[in-house]
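Written out below as structure tokens is the structure these notes cover.
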């Protein structure tokens, strides 16, 4: 039922290999969705590890969340967690 | 005396066009099958075993009124929720509870089944509304009106309603959704944003406030009415008021935002708990259920389409 903006829809992931953005491959999309639904440090670290294995390089996974500011009508994104995985 | 000497309407009522009573234990298994197939069609993992199991039920109708049938259905649905918890909508959980309710009701002697279905349905509606209202009260962004404010500006399901009531054009609302996407996925295209400005008007704030308090108010009212009807038996007038409130809730909620899964199952629960003398209300719930299947698009979309025609 409609009740809060605080849901997985408002959370998103930014993944980096050094300075390059990394696209989460399709076979890991469910892991990504799980991190968005329940962004625990363990889940973020697990995804970072899986992505690092896939990319054969260290990968950083950042969990971001946007919130809506009523006064200004702006959507503002903030980083709430991050983890680094190594192959 | 032949038929022509009687009042035609009275004759038709007595002899031909008596509507069947829509006995819940008879119609609910079939309607629930429709609801579950429609509600899980987008999930192959769940849909395939469910469709196979329901095909068996359609071929062997007696199976539909056995506890085993609904126990297996609940197991399939529950397994689906367990395996896809990260994306399972909350009405999928309600599907599981409702299948378990049918399982329990059909394990009773036939004479007790209608009452068991009615009481279980009242508890389910009452508890759903209680949890929905409680979660809203516990969410600061809901009580401040910010939740509906944002939904009106950026949720596609509200687009026509928002455009119709606030004066924002559909293009501006589409652009709001594009801006949100650029915030979420811009990094992949080299445009890493930390904030975006949505189109909005001051009217939206007022509409959001109305929606916020209307929704909380009617959900709280439904909580009280259905929990009271579940606890206090033999109060047809209380059930009538509860039913009319549920229909008002459905009309005001699902005409604006088409959440067919939740809406459909609420209408089935409504039908299941009508008193034996409320035959017409059962038909109203059935009509609402059918309409929800026919109209996956909101009322506002229909109005816009009719205008175009």
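Quick note: the coordinates plus some simple rules give every number you see, no bench work behind them. None of the values given here were measured: they were computed from a predicted structure. When we count neighbours, we look across all protein chains shown, and the Cβ atoms used for this are built from the backbone with ideal geometry, even at glycine.
Please compute, for peptide B:149-158, the average count of beta-carbon atoms on other protein chains lying within 10 Å of each residue's beta-carbon. Per-residue shielding by partner chains comes out at 3. Rounded to the nearest whole angstrom, the semi-axes of the ellipsoid equivalent to the range B:45-130, taken from the Cα gyration tensor as √(5λ), stand at 22, 20, 8, largest first. Computed packing ranks the peptides B:249-258, B:50-59 as B:249-258, B:50-59, most packed first, by mean other Cβ atoms within 10 Å.
The GNM of chain B, with springs linking C-alpha atoms under 10 angstrom apart, assigns the highest mean-square fluctuation among B:227, B:198, B:269 to B:198. A helix-only calculation puts the protein assembly as shown at -20000 deg cm²/dmol for mean residue ellipticity at 222 nm, using -39500 (n - 2.57) for each DSSP H run of at least four residues, averaged over all residues. Take each residue in B:189-198, count the other chain C-beta atoms within 10 Å of its C-beta, and the mean is 4. Taking other Cβ atoms within 10 Å as a rough exposure proxy, B:149, B:91 sort from fewest to most as B:91, B:149. Normalised by 2.2 N^0.38 Å, where N is the number of residues, the alpha-carbon radius of gyration of chain B equals 1.16.
What ranking do B:239, B:232, B:259, A:35 get, fewest neighbouring Cβ atoms within 10 angstrom at the top? Intermediate results must be reported in sequence, preceding the final value.
Details: B:239 24, B:232 10, B:259 19, A:35 27.
Taking fewest neighbouring Cβ atoms as first place, the list is B:232, B:259, B:239, A:35.
Return B:79, B:32 ranked ascending by Cβ neighbour count within 10 Å, so the fewest neighbours appear first.
Ranking B:79, B:32 by Cβ neighbours within 10 Å, fewest first, gives B:79, B:32.
The calculated Kirkwood hydrodynamic radius for the range B:243-291 is 10.7 Å, given to one decimal from all distinct C-alpha pairs. Per residue, the convex hull around the alpha carbon atoms of chain A comes to 101 Å³. In this structure, residue B:255 and residue B:82 have a Cβ-Cβ separation that, at R0 = 56 Å, corresponds to a calculated FRET efficiency of about 0.95.
Remark: the protein assembly as shown is approximated by an ellipsoid whose semi-axes, taken from the C-alpha gyration tensor as √(5λ), come to 44, 27, 19 Å, largest first. Shielding by partners for peptide B:136-145, expressed as the average number of C-beta atoms from other protein chains within 10 Å of each residue's C-beta, is 3. For chain A, the longest principal axis of the Cα atoms and the long axis of helix A:41-55 meet at an angle of about 50 degrees.
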